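S.K.: Have a look at this one before I ask anything.
The values are calculated or read from the model by the stated rules, or taken from the named source; none is laboratory data. As the structure is a computational prediction, the values presented were derived from the model and not from experiment. Please note: Cβ atoms are built from the backbone with ideal geometry, for glycine as well, and neighbour counts cover all protein chains shown. Note: areas computed on protein heavy atoms with side chains; ligands, DNA, RNA excluded. Shrake-Rupley method; radii C 1.70, N 1.55, O 1.52, S 1.80 Å.
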Amino acid sequence: MNGSDSESMRATYAHLTGGVTPEDRAHRNGRSGRVVWLTGLSGAGKTTIAIATERRLFDLGRPVYRLDGDILRAGLCGDLGFSADDRTENIRRAGEVAALFANAGILCLAAFISPFRVDRERLRQQIGPGRFVEVHVATPIEVCRRRDPKGLYRRAERGEIPDFTGISSPYEPPLAPELVLRADRDPVDVCVAELVGYLEKTYSA
Ligand code: ADX
């Protein structure tokens, strides 16, 4: 970086000097914001677990907010489809939004298939390893297919939905997630207790 570059950087960030930092907020709240990222196949139970976890944390008085693939795709990401590039962009935007919530001191629960390892690793680096909790909702594909709550697997198998995760588009499971939830084996309340237990144990300023 040359002299004039660093001058302009200083000018760009000057308005941040004296601003309220995430650390100031963490100090005030007694805990820092975080991103809890639920990844897994369609129909794995991500949204169900996220909704119940949000309710539980809210009832405990925790600042919490939930982002969901189906919701963001109806608005902020409404211009995106399911090609690899579009999914990467979808996760990038969702990660940016989740990071803003975390910076504001909120525990942000994010439920997205997010099938690509490299996209999730980018989030971990961007949000900060200590503030990013990767949760694999590891329901096997046979179970998701059998459950098929939205009838999407049936349609994908008939060739009606291109690039469908697990059928005609890959899902890359996390190699070292903070937590693995087996929503096929354990009832929702057990998964939620496990997640909330983990968060309460590790959630501090
Ligand atoms: S992601 O892959 O980009 O992370 P996201 O979580 O936002 O996906 O959206 C997934 C939801 O979109 C699914 O739960 C399902 O309802 C819907 N959907 C529609 N088409 C597809 C597809 N081709 N693959 C996966 N999910 C799809």
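S.K.: Filter the range 132-160 down to the residues that are surrounded by 20 or more Cβ atoms within 10 Å (Cβ to Cβ) and either touching a helix residue (DSSP H, G or I) at 6+ places or on another chain (Cβ under 6 Å) or more than 22 Å from TYR198 (Cα to Cα) (or both) and list them by number.
M.R.: Of everything in the range 132-160, those that are surrounded by 20 or more Cβ atoms within 10 Å (Cβ to Cβ) and either touching a helix residue (DSSP H, G or I) at 6+ places or on another chain (Cβ under 6 Å) or more than 22 Å from TYR198 (Cα to Cα) (or both) turn out to be PHE132, VAL137, CYS144, TYR153, ALA156.
S.K.: For a quick check of your reading of the model, give me the residue pairs whose first member lies in the range 41-70 and is farther than 23 Å from LEU152 by Cα and within 16 Å of the ligand (Cβ to nearest atom), whose second is part of a strand (DSSP E or B) and of a type in the set (A, V, I, L, M, F, W, C), with beta-carbon atoms closer than 9 Å and at least 6 apart or on different chains.
M.R.: Note: pairs meeting the criteria are ARG66/CYS108; ARG66/LEU109; ARG66/ALA110; ARG66/ALA111.
S.K.: I would also like to ask the following. Considering only residues that are closer than 22 Å to TYR171 by Cα and touching a residue at least 60 places away in the same chain (Cβ under 8 Å), which ones fall in the range 88-112?
M.R.: Once the filter is applied, which keeps residues that are closer than 22 Å to TYR171 by Cα and touching a residue at least 60 places away in the same chain (Cβ under 8 Å), the range 88-112 yields GLY95, ALA98, LEU109, ALA110, ALA111, PHE112.
S.K.: Test of understanding: among ASP86, ASP119, ASP163, ASP184, which residue is more than 22 Å from GLU200 (Cα to Cα), in contact with a strand residue (DSSP E or B) (Cβ under 7 Å, 6 or more places away or on another chain) and not aromatic (Phe, Trp, Tyr)? Even if it seems obvious, please write down each step before you answer.
M.R.: Numbers: ASP86 fails: in contact with a strand residue (DSSP E or B) (Cβ under 7 Å, 6 or more places away or on another chain); ASP119 fails: in contact with a strand residue (DSSP E or B) (Cβ under 7 Å, 6 or more places away or on another chain); ASP184 fails: in contact with a strand residue (DSSP E or B) (Cβ under 7 Å, 6 or more places away or on another chain).
Step by step, each of ASP86, ASP119, ASP163, ASP184 is checked, and only ASP163 is more than 22 Å from GLU200 (Cα to Cα), in contact with a strand residue (DSSP E or B) (Cβ under 7 Å, 6 or more places away or on another chain) and not aromatic (Phe, Trp, Tyr).
S.K.: Look through ASP85, ASP79 and report the one residue that is outside any helix (DSSP H, G or I), surrounded by fewer than 23 Cβ atoms within 10 Å (Cβ to Cβ), more than 8 Å from the ligand (Cβ to nearest atom) and modelled with pLDDT of 95 or more.
M.R.: Criteria check complete, one pass: ASP79.
S.K.: Of (1) at positive phi; (2) open to solvent by less than 20 Å² (accessible area, probe 1.4 Å), GLY61 satisfies all except one. Which?
M.R.: Result: GLY61 fails condition (2) only.
S.K.: Let me ask something else about it. Within the range 29-40, count every residue that is near the ligand (Cβ under 10 Å from one of its atoms) and not in a loop (DSSP other than H, G, I, E, B).
M.R.: Going through the range 29-40 one residue at a time, the tally reaches 2.
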